[in-house]
Amino acid sequence: MDRVLERIDPAVDRTAAARLLGCSPDEVGYCPRCQGLTRRYGRNAQVICPACPDAQHPAAGAPA
């Protein structure tokens, strides 16, 4: 089952964020869209945080 992460607040300790993201603390950085923490660097980097891709696709019937 895929687990969708919520935005990780930048005040969260990088070690704790790394555990949530499944990476090392030196791979954690800021999402350029929401400034939350994401796996920004290293192998399998994800520049945009997991919470942001859904924000760019409004729900059906919702005003764009």
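The values are calculated or read from the model by the stated rules, or taken from the named source; none is laboratory data. What you see is a predicted model; the values in this text were computed from it and never measured. Every residue, glycine among them, receives a Cβ derived from its backbone with ideal geometry; neighbour counts consider all protein chains shown. Just the protein is used for accessible areas: all its heavy atoms, side chains included, with ligands, DNA and RNA removed. Shrake-Rupley method; radii C 1.70, N 1.55, O 1.52, S 1.80 Å.
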Pairs, first assigned to a helix (DSSP H, G or I) in region 12-27, second open to solvent by less than 40 Å² (accessible area, probe 1.4 Å), C-beta under 6 Å, six or more apart: Arg14/Val28; Ala17/Ile8; Ala17/Val28; Ala17/Leu37; Ala18/Val28; Pro25/Ala18
Filtered residues of region 5-19 (kept if among the aliphatic types (A, V, I, L, M) and under 10 Å from the mean Cα position of the chain (by Cα)): Leu5, Ile8, Ala17
